1. At R0 = 35 Å, how high is the FRET efficiency between A81 and C154 if r is their beta carbon distance? Nearest 0.05 is fine.
2. Quick one: with all protein chains in place, what share of the accessible area of the stretch 167-206 is carbon or sulfur, to the nearest percent (1.4 Å probe)?
3. Which whole number of Å³ per residue matches the convex hull of the alpha-carbon atoms in the stretch 64-160?
4. Could you report the accessible area of E146 in Å², rounded to 10, computed with a 1.4 Å probe on the protein chains as they sit in the structure?
5. Residues of the stretch 10-36 with amide nitrogen under 17 Å from the 7 Å Cα-to-Cβ point of K211?
6. Take every DSSP beta bridge whose two residues both sit in the chain, then give the antiparallel share in percent to the nearest 5.
7. Percent of Cα-Cα pairs more than 24 Å apart in the chain, please.
8. With θ taken as phi - 60° and the coefficients 6.51, -1.76 and 1.60, list the Karplus ³J(HN,Hα) couplings across the stretch 166-173 in order, rounded to whole Hz; mark glycine and proline as x.
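The values are calculated or read from the model by the stated rules, or taken from the named source; none is laboratory data. The structure displayed is predicted, hence computed values, not measured ones. Ideal geometry is used to build each Cβ from the backbone, glycine not excepted, and the neighbour counts take in all protein chains shown. The protein model used for the area step is the full one, side chains on, heavy atoms only, and it has no ligands, DNA or RNA in it. Shrake-Rupley method; radii C 1.70, N 1.55, O 1.52, S 1.80 Å.
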Amino acid sequence: MTRPIAAALNVVMLGPPGAGKGTQAERFARTHGLPKISTGDILREAVTTGTDLGRAAKATMDRGELIGDEVMIGIVGERLARPDTERGFVLDGFPRTVTQATALDGLIDGRGPLVVVDIVVPEEVLLRRLAARRICGSCGVNAPIEWTTTCGVCNGELVTRTDDGVGIVRERLKVYHLQTAPIVNFYSGRPTFRKIDGNQPPDQVTTLMDKAICQASAVSNGARL
Ligand code: ADP
């Protein structure tokens, strides 16, 4: 049963690269008026604008490896301290290690339940999706299939992400299985953990996810879990 959300709603999206986390996080955040916090977007923006963080992170990202926990926890800690997260947030791309997941519990201590959604998609589907994925070279938005060459937001040129090449994608999936999949175990015993079948049309995933998150948040009834 879907109910309106009363208390703060803190959401974490899990799933391998290409699972659709970013798209679904964006939709859920928009529908519920919550900030979407994507660590991948924060890092790519830092690379584009050439900040110290961006210069330090670029090579690691291009190899498909993870940025250090301390740096990432610092970035997310700062972001979660902003007032727009008071009613909750949707995290996409964080946590990615058990150390980050443990730190997140500390960062949101006393701020309401944490709903964790794991989007599950078979590996061959992920590889197909990542090979076809395009983003805008100017504003960085993910391009839906109907945009062929230019961005529907800013008219920029559509490009492949520098870490979406075939070799790098395999490395990112390997890193996911080694470092990120263990956080599914970290969360799976909690009553606010939900698995979603991500191998279906995006609108269906959106509907399922909305139901699952609203139901999990109602079950938790404001208690910290
Ligand atoms: P994906 O499509 O793999 O989900 P993202 O856009 O979330 O990609 O992240 C792109 C890259 O940014 C990752 O491969 C990694 O190098 C870096 N990154 C993003 N979030 C984190 C994090 N929480 N911890 C470490 N590295 C991260």
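1. 0.75
2. The computed percentage sits at 56.
3. Expressed per residue, the convex hull around the Cα atoms of the stretch 64-160 is 153 Å³.
4. Approximately 130 Å² for this residue.
5. Of the residues in the stretch 10-36, 28 have backbone N under 17 Å from the label point off K211.
6. About 20 percent, rounded to the nearest 5.
7. 42 percent
8. 3, x, 5, 4, 4, 5, 5, 5
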